[in-house]
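Notes follow the structure.
What follows is calculated from the coordinates using simple rules that are stated; it is not laboratory data. Just so you know, these numbers come straight off a predicted model, no measurement behind them. Here the Cβ positions follow ideal geometry from the backbone for every residue, glycine too, while neighbour counts run over all protein chains shown.
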Amino acid sequence: MIDRSARWVTGAAGGRLARGEPASAGPSRATIDSRATRPGDLFVGLPGATADGGEYAAGALEAGAWGAIVGPAHEATAVAAAEDAVGGSPCTPAAVIVADDPLAALQRLARAWRRELDARVVGVTGSTGKTSTKDILAALLRPHLHTLASPENHNTEVGLPLAVLAAERGTEALVLEMAMRGEGQIAELVAIAEPDVGVIVNVGPVHLELLGTVERVAAAKAELIRDLHPGASCVVPASEQLLGAHLRSDLDTWTFGPGGQVMLLSFAAGRAELEARERTIQLDLPYAEPHNLLNTTAAVAAASALEVPVGGRVEVQFSSLRGEVVELPGGVTVVNDCYNANPMSMRAALDHLIASGAERRIAVLGAMAELGPESPEFHREIGAHAAAHGIDVLVPVGDEALAYTDGFDGETHAVATPEEAGALLEELARPGDRVLIKGSRSVGLERVLA
């Protein structure tokens, strides 16, 4: 709960209280979806490309919302709806806060609440693996600190503020994922979250449609380093030379991975031994994927930067559609890793499939989006990698994914839609097979198992 008054909420958001009791207690959380609004929520009506969320403020207030932030065009309608609403309490009138820019108001409110919490904040970004690193870091911190992590994909200029505003008084650590597609977007998130530790998991060929080169991707990610406050900590891959020019002498810089200050010394039977600035750490891990072991070194570096001692069993719940293992009837194992894809994450997922014990290894692959003019070549290279390292069957989904077959000379079954891929698997997969499902979010490969 945001345990400050309506007056404070209004001032923090930079708005005007058009209706409501200034001294009344604050909302439980913020939401932008009127359909998911619960009694006590603050609904924020954001203007969008096809609809203006302010139009749904009346419905949110009628559903028991604590109040709403709307633009001036929706003030009259929201105030009228609030006349009959009670903000989730029979004694408290619903609040209507008017702001010229509701998104900016949401972000200002989140920054003010982050300062109220006085929690230690970690911002995590990267071309791939940032969600898993966030999940691992949160699992490392929870035994020691009251920790909240960004849920699922709350990693944008809208989602990150919502994640911050979901934190309750007493939260001691916030682990916030930061996503970007272009320049300036990480800086916008850093201005809201004001991290004490910034983690860049890696830099790779993503969002090239907008940024053009990997060097510009690195510079965009490095906005996290640039905008940290003096004395903060940054965590970067030891092997990533593209970040070298962006490092700062007034930050405590932790490097991770082979040759770094935090690295994996050994891993066997779920037991990992790591070194962190000459200190040995033992962890029992419920996963063995090489990319997640590397992500673990990044998470340990971030926890160490916060001076949180870690060790023992790591109880981590990975976000959905990221490496979920599904056992199908008939002895077929599916690795559902279809949340997103780029050349780095695709290669890592295929390498894990290749290393797994299976009768046959089947890769159901959708396109990798936003790769720019070199997209066909990136897809061809992934197909060649799959062929060279023992993938038995390739199932490209959609026209763009056909480029994988230019580098793959094995058994191929091209399909047009995720639903067709699902039907094909029912006929194709045999006991003992292991199936990888992976592609960019826009392909909708979660429907393969629907």
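Taken over the alpha carbons of the chain as equal point scatterers, the Debye sum produces base-10 log I(q)/I(0) values at 0.09, 0.14 Å⁻¹ of -0.65, -1.26. Panel order for LEU109, LEU274, by other beta carbons found within 10 Å of each beta carbon, from fewest to most: LEU274, LEU109. Phi-derived couplings, Karplus 6.51 cos²θ - 1.76 cosθ + 1.60 at θ = phi - 60°, listed residue by residue for region 237-247: x, 4, 8, 8, 5, 5, 8, x, 5, 9, 6 Hz, with x used for Gly and Pro.
D by Stokes-Einstein for region 1-87, Kirkwood Rh over Cα pairs, 37 °C, 0.692 mPa s: 262 µm²/s. With the convex hull constructed from alpha-carbon coordinates only, region 118-313 shows a mean projected area of 10.2 nm² over all directions.
Whole-Hz Karplus values for region 39-45 come out as x, x, 7, 9, 8, 10, x Hz, taken residue by residue from phi with 6.51 cos²θ - 1.76 cosθ + 1.60 and θ = phi - 60°; glycine and proline positions read x.
Computed over region 350-390, the quotient of the alpha carbon radius of gyration and 2.2 N^0.38 Å is 1.31. Give me D for region 342-450 in µm² s⁻¹, whole number, from Stokes-Einstein with Rh from the Kirkwood sum over alpha-carbon pairs, 37 °C and 0.692 mPa s. Reported coefficient: 243 µm²/s.
Applying the Karplus relation 6.51 cos²θ - 1.76 cosθ + 1.60 with θ = phi - 60° to region 315-325 yields 3J(HN,Hα) values of 9, 10, 10, 6, 4, 5, 6, 10, x, 5, 9 Hz, where x marks Gly and Pro. Report the net charge of residues surrounding GLU370, where surrounding means a beta-carbon distance below 11 angstrom and charges are Lys +1, Arg +1, Asp -1, Glu -1. Within the 11 Å Cβ shell, the charges total +1.
For the chain, adding -39500 (n - 2.57) for each run of n ≥ 4 DSSP H residues and dividing by the number of residues yields -9000 deg cm²/dmol at 222 nm. Once C-alpha pairs closer than 8 Å and six or more residues apart are averaged by separation and normalised to the residue number of region 1-98, the relative contact order reads 28 percent. Scanning residues 5 or more positions from GLY64 or on other chains, none has an amide H under 5 Å from its amide H, with H placed 1.01 Å from N in the peptide plane.
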